[in-house]
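Asker: Structure below; questions to follow.
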Amino acid sequence: MLKAWLTRHGAASDALRVEMAEWATWIGCTKPDYAKIRALNNVRLLAVDKEPGVRPLGCGEIWMRLISGTILDQCKERARDACNNVQLCAGLQAGIEGATHAMLEVFPELAGWLNMQKAATTPETEKRDGEDETGGDGVDDSEMEGSRNIEEPIADASTAEANTDPTPPPFPEYPIQPDTENSHYIPGSGYGLLLVDARNAFNELNRYNMLWEVYHRCPPLATIAFNRYRHHSLCFMRNEMGEDPIVIACKEGITQGCCLSMVCYGIALMPLAEWLRRKVPGALQPWYADDLGGIGTASDNATMLRLLKEKGPYVGYYPEPDKSHYVCMPQDEEAARAAFEAADIPELNYGRSRRYLGGVYGDAAEKEEWVKKKVEQWVYCVEVLGKCAYTQPQAAYAAFVLSLQNEWTYISRVVPNVGPLLAPIEVAIREKLIPPLLGISPSELSGELRHLLSLSVKYAGLAIRFPVEQSEDCFKTSRQAVDNLVKSLVHRRELCLKSHKKQAEMARIDSQETKQGDAEYYLTQWGREKPGDKRRLERICETGCWLTAVPNRLNGTILSAEEFRDNLRLRYNLKPLEMPDLCDGCGAKMTVEHALQCKVGGLVHCRHNDVTREFGSLCKQAFTPGDVEYEPFIYSSTQRTAEEVAAAAKAENTTQQHNATDGSTPVTTKEERGDVVVSHFWQRQRRTVFDTRITDADCRSYRNKAPSAVLRQQEREKIRKYKEACLERRRDFTPLCFTADGMPGREALNAMRQLGTHLAEKWERQRSQMVFYVRTRMSLALVRANSLLLRG
């Protein structure tokens with residue numbers, strides 16, 4: 001709602017933005033009396049399930065969130081400089097991914113080792129009747145097979161049969177990922193990963209220390225942080241609806257949920273993190289807010305945890321060893337226990353795997369079990385979206401592409417070798433999601449069509465990615481993007497933020513170019529032997545703007561189920577569902593080609609008018625309503641002779657008579673009109689006439705021409721017919737030619753770009769954003785018109 005207030009009400013929105021800018025300047029640059037801003041600092045407490053436990057999340061006043069977010073956006077570069085690579089929570093690009101890849105760089109065994117302790121037999125183990133002796137290998141067959149999907153081969157059958165020694169074998173070093181050049185693993189040293197958990201970290205933070213550190217390390221943020229946290233803020237908590245809220249005075253820490261919380265918390269812990277690095281130089285110590293992961297020998301990790309217990313409370317950081325975890329291989333646990341007990345930390349939890357920053361690391365079997373649980377949840381979500389797709393296909397598609405599939409994409413970026421475990425998601429996509437989107441049965445979804453749908457919208461697809469196939473590429477791209485960050489963490493040196501940003505951008509571009517090359521090759525191979533498919537693929541690569549629009553009532557981008565599914569089926573050469581048998585206008589047999597061309601009944605004219613009115617509406621937004629007129633005369637009265645003026649009166653009667661008798665061309669007069677005229681479009685104080693034409697590029701007369709050639713031919717016809725007359729009246733002329741599925745001609749594309757430029761200047765937005773907005777609105781107008789022609 002606030003966004004709408006700030007952007008959608010013309011002069012009132014302008015005034016509100018100016019007022020809020022003054023408030024941001026007042027709160028971010030001065031120190032007003034706290035009584036004036038106390039209400040803005042109040043928050044409502046919400047209970048968030050931590051699984052287990054409850055986290056109090058503060059939902060602040062929306063006005064303060066707007067002001068804080070605006071100031072933080074201007075100061076984020078200084079905040080990154082202040083934290084560098086010591087604290088990764090200050091908005092550093094790919095900070096979490098850098099921490100996880102640095103861990104795998106120095107301790108590659110974390111990618112997944114085989115826990116042979118579970119496979120060892122004991123004297124108490126009894127053999128089942130009829131079970132062969134396998135030398136003490138008690139691992140279940142299904143578990144072993146599941147592990148081999150992501151492991152190297154363990155041993156061949158002859159080796160297993162020859163091993164009859166009942167003594168359990170020693171625990172091998174069994175990494176999934178080969179050793180790296182920076183591997184620091186030392187056998188027998190208790191080497192492992194220490195995950196430190198702090199008590200109620202954000203709420204226990206020393207507030208005065210935080211303000212001091214922000215003042216000295218990031219001065220641009222100091223004033224807003226001071227005004228936000230210099231006094232006790234009031235937290236309101238309601239147990240039941242209708243009851244009076246419980247009021248809690250927040251005297252320490254910072255509000256988890258505040259826009260400034262992550263940055264201020266990271267800066268506040270900088271002295272502790274830097275001091276700890278100097279004291280324990282042998283351990284890798286990636287910090288993300290209060291989450292610390294220490295990788296090193298057991299003695300280094302024990303020293304680090306002991307120092308945290310001693311010095312952490314000074315800054316409000318209270319580590320809890322009984323809730324912290326130590327992940328190591330089985331053969332290293334004994335040495336690890338000895339080291340932590342020597343440091344007087346006996347209550348630490350030891351394990352073979354643990355979640356950290358959204359991923360899981362350690363034992364391969366436990367990692368596989370965790371990923372399978374996540375996959376089960378994702379499969380359920382895909383099935384739910386599939387059910388929604390029957391009645392709301394546009395919303396289901398947008399939720400999947402823009403949100404859901406990014407969850408397992410992130411796992412693929414930070415956890416290696418998870419691709420085979422994501423196979424059930426692909427099955428759910430094939431059987432539960434795509435069929436209701438397209439209105440087909442699962443058996444009708446061919447491998448070629450599924451591959452085409454996996455491509456981006458720009459390359460004729462729907463961006464419904466393959467979960468399994470993309471996993472390895474995602475991990476490699478992520479590793480390439482954070483290469484500089486990983487090196488700086490491993491070698492304990494300062495990070496050059498510019499080189500890190502450049503490296504991340506280069507990795508993104510390389511990945512994008514690789515995907516584009518693969519897509520272009522696939523489309524070339526597809527259309528090599530099928531000219532009709534080649535022409536269709538050329539068009540649909542240019543007509544996907546309506547698919548990328550997020551359904552939004554205020555933006556007018558919502559499509560009905562019929563509109564979305566009809567055009568999706570047309571996009572992939574499928575006949576729309578439940579089409580009428582006969583045309584309700586002329587009574588002919590109803591086909592897609594006939595529906596898009598039949599001029600009886602006026603639906604084609606409705607499509608023409610809808611597209612024209614949409615363009616005119618966008619022009620009114622860019623200029624003023626008075627600058628836009630519909631159906632202007634092409635010729636002036638001085639360009640017509642007296643005979644032509646007299647003939648114009650007869651034209652209306654003779655046109656209908658000629659059409660009704662022999663269908664011949666009616667009497668031609670200079671009464672032609674354009675569709676819309678706009679002032680100041682290409683030049684100031686100069687009017688531009690636009691004339692719209694929409695063509696079915698699949699009709700028989702155009703099947704031997706490329707769609708772009710068809711549009712160019714029609715543009716030339718319009719220009720040859722009307723441009724000279726417009727120039728005589730000191731007007732410009734621009735034809736707006738589109739195919740029925742939305743591919744624009746060159747002149748129409750230039751006009752939409754120019755219109756986007758005018759909107760960007762008026763609304764103070766990025767030009768690329770406004771050009772996309774114009775193209776999307778025009779694409780949606782054509783999509784809705786197509787459904788009208790098909791359904792009546």
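The values are calculated or read from the model by the stated rules, or taken from the named source; none is laboratory data. Just so it is clear, the structure is predicted and the values come from calculations on it, not from any experiment. Glycine gets a Cβ as well: all are built from the backbone with ideal geometry, and neighbour counts include every protein chain shown. Heavy atoms of the whole protein, side chains included, go into the accessibility calculation; ligands, DNA and RNA do not. Shrake-Rupley method; radii C 1.70, N 1.55, O 1.52, S 1.80 Å.
Asker: Calculate, for the chain, the solvent-accessible area per residue in square angstrom, rolling a 1.4 angstrom probe over the heavy atoms of the protein chains.
Answerer: Value for the chain: 50 Å² per residue.
Asker: Oh, and also: How big is the gap, in Å, between the Cα center of region 270-348 and the Cα center of region 564-614?
Answerer: When both Cα centres are located, 69 Å separates them.
Asker: I would also like to ask the following. Between E513 and L449, what is the label-point separation in nm under the 7 Å Cα-to-beta-carbon projection?
Answerer: Inter-label distance under the simple model: 3.6 nm.
Asker: Still on this structure, I have one more. Quickly work out the E629-to-Y572 label distance, labels modelled 7 Å from Cα along the C-beta direction, and quote it in nm with one decimal.
Answerer: 4.8 nm
Asker: Quick one: grab the alpha carbon gyration tensor of region 256-381, order the square roots of its eigenvalues as a ≥ b ≥ c, and give me rounded if a/c is under 1.5, else prolate or oblate depending on whether a/b is larger than b/c.
Answerer: oblate
Asker: Further, regarding this structure: Angle, helix 746-763 long axis vs. longest principal axis of the chain, Cα atoms, 0 to 90°, nearest 10?
Answerer: 60 degrees
Asker: Once you have a ≥ b ≥ c as the square roots of the Cα gyration tensor eigenvalues for region 722-784, tell me rounded if a/c is under 1.5, and otherwise prolate or oblate according to whether a/b is larger than b/c.
Answerer: oblate
Asker: Kirkwood Rh over alpha-carbon pairs of the chain, then Stokes-Einstein at 20 °C and 1.002 mPa s: what D in µm² s⁻¹, rounded to an integer?
Answerer: Approximately 68 µm²/s, per Stokes-Einstein.
Asker: Go through 421-431, 326-336 and give me the packing order, highest mean Cβ count within 10 Å leading.
Answerer: Highest to lowest by the protection proxy: 326-336, 421-431.
Asker: Before rounding to the nearest 500, sum -39500 (n - 2.57) across all DSSP H runs of length at least 4 in the chain and divide by the residue total; then give [θ] at 222 nm in deg cm²/dmol.
Answerer: -15500 deg cm²/dmol
Asker: Could you list, in their original order, any pairs among K373/K432; K458/K762; K3/K251 whose Cα atoms are separated by more than 25 Å?
Answerer: Cα-Cα > 25 Å for K458/K762; K3/K251; rest within.
Asker: I would also like to ask the following. What is the percent carbon and sulfur in the accessible area of the chain, measuring with a 1.4 Å probe over the protein chains and ignoring ligands?
Answerer: That fraction is 50 percent.
Asker: Please work out how much accessible surface F400 shows to a 1.4 Å probe, ignoring ligands, DNA and RNA, in Å² rounded to 10.
Answerer: 0 Å²
Asker: Where does each of 369-380, 253-264 land if you order them by average Cβ count within 10 Å, highest first?
Answerer: Those peptides, ordered most packed to least, come out 253-264, 369-380.
Asker: Semi-axes of the equivalent ellipsoid of region 678-782: what are they in whole Å, largest first, if each equals the square root of 5 times a C-alpha gyration tensor eigenvalue?
Answerer: Sorted largest first and rounded, they come to 25, 20, 8 Å.
Asker: Could I ask something else about it? Listed highest first by mean packing, meaning other Cβ atoms within 10 Å per residue, what order do 233-241, 53-61 come in?
Answerer: 53-61, 233-241
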